[in-house]
1. Filtering the stretch 89-101 down to residues that are surrounded by 18 or more Cβ atoms within 10 Å (Cβ to Cβ) and touching a residue at least 60 places away in the same chain (Cβ under 8 Å), which residue is nearest to ILE130 (Cα to Cα)?
2. Residue check: is ILE55 open to solvent by less than 20 Å² (accessible area, probe 1.4 Å), more than 16 Å from the chain's Cα centre (by Cα) and either without any contact (Cβ under 8 Å) to a residue 40 or more places away in the chain or farther than 22 Å from ALA140 by Cα (or both)?
3. Starting from the stretch 176-197, take each residue that is under 22 Å from LYS208 (Cα atoms) and of a type outside the set (Asp, Glu) and list its partners that are open to solvent by 40 Å² or more (accessible area, probe 1.4 Å) and in a strand (DSSP E or B), counting only C-beta distances under 7 angstrom and pairs at least six apart or across chains.
4. Just one of THR147, THR104, THR64 is crowded, with 18+ Cβ neighbours inside 10 Å, farther than 19 Å from VAL203 by Cβ, among the β-branched types (Val, Ile, Thr) and in contact with a helix residue (DSSP H, G or I) (Cβ under 8 Å, 6 or more places away or on another chain); which is it?
5. Any residue in the stretch 228-249 that's free of Cβ contacts under 8 Å to residues at least 60 places away in the same chain and closer than 12 Å to ASN206 by Cβ: show its pairings with residues that are open to solvent by 40 Å² or more (accessible area, probe 1.4 Å) and part of a strand (DSSP E or B) at Cβ separation under 6 Å, as long as the two are six or more apart or on different chains.
6. Which of (1) buried (at least 17 other Cβ atoms within 10 Å of the Cβ); (2) closer than 19 Å to ALA245 by Cα does LYS208 not meet, given it meets every other one?
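The values are calculated or read from the model by the stated rules, or taken from the named source; none is laboratory data. Here the structure is a predicted model, which means the values were calculated and not measured. Backbone-built Cβ (ideal geometry, glycine too); neighbour counts: all protein chains shown. To get the accessible areas, we keep the full protein, side chains included, count just its heavy atoms, and leave off ligands, DNA and RNA. Shrake-Rupley method; radii C 1.70, N 1.55, O 1.52, S 1.80 Å.
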Amino acid sequence: MWTGYDYLGESGIGTIQYKDKKTKQPADPGLIISGGAGIIDICGKKRPEVGWSKIIWGLQKTPTIGVDPYTRADYFQSLSMWRITDAVESWSWEGCEGKKASVTVYSDAAKVELFVNGKSAGKKKTKKDIAKFKKIPYEAGKIEAVTYDSSGKETGRTSLISATGKTLIKLTPEATSLCANGQDLCFLNIDLIGENGITKSSVDQNLKIEISGPATLQGYGSARPNIEKSFCSDTFKTFYGKSLAVIRAGYEPGTVTVKVSGKGLDTQKLTLNIC
């Protein structure tokens, strides 16, 4: 593992890159500015390797599922010596029905069986606490991993489900009350979700954030490795349905209104109190 938390600098040493199988051109043109090796991305989102690490260190018995991005199923995947997977802990890939990608299950059990909508995709022995299932067709619904010991007894299971319904903006602040000291921060998680609350990993788009009241936008962005603009912009494209805004309190008390909007989406508002 290198490293825990991703960072800016050493650009691209751990970034999994994709190229068109026919033209060999990059799928994501643009400057890479993050290292890309962290198992926690620069916006604080945990990647499936966090579960793998916990299993290795005896901190977790439940298996973890990692899914290669189905949005990249038609591209050649170039791995890095600093990061061996680009898996996402998601089974919500709207628009990718029928495409095939690998699914990785992390577990310290002897064997793992993978189910897609109740149908077995086979059993695999684990090696270094990993069982990899290749060329799994995507179909919306539920994916489930069941683990077994050497005698065939079930030892655990976990699952992921797909988002359903129209796309919505979800705002999740880490704090709603800030001190009027010019320093206090609110980290605001911004997700594109379905009506069932599950993040949609394949519907990325630009979202705009507007702030009124005694506070300022300190930064806004996502973990997208190929950056086209700075983190000081009020508009940024989500990455696998997620982004993060940082709001700084001013020196005056009052009420702050945060508004997030995107093309074709219902605008969402949030109120923060500066005390």
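1. Result: GLU89.
2. Numbers: open to solvent by less than 20 Å² (accessible area, probe 1.4 Å): yes; more than 16 Å from the chain's Cα centre (by Cα): yes; either without any contact (Cβ under 8 Å) to a residue 40 or more places away in the chain or farther than 22 Å from ALA140 by Cα (or both): yes.
Answer is yes for this residue.
3. THR176/ASN273; LEU185/GLN218; LEU185/ARG248; ASN189/THR172; ILE193/LEU168; ILE193/LYS170
4. Working: THR147 fails: in contact with a helix residue (DSSP H, G or I) (Cβ under 8 Å, 6 or more places away or on another chain); THR104 fails: in contact with a helix residue (DSSP H, G or I) (Cβ under 8 Å, 6 or more places away or on another chain).
Result: THR64 is the single residue among THR147, THR104, THR64 that is crowded, with 18+ Cβ neighbours inside 10 Å, farther than 19 Å from VAL203 by Cβ, among the β-branched types (Val, Ile, Thr) and in contact with a helix residue (DSSP H, G or I) (Cβ under 8 Å, 6 or more places away or on another chain).
5. ASP234/LYS208; THR235/ASN206; THR235/LYS208; LYS237/ASN206
6. (1)
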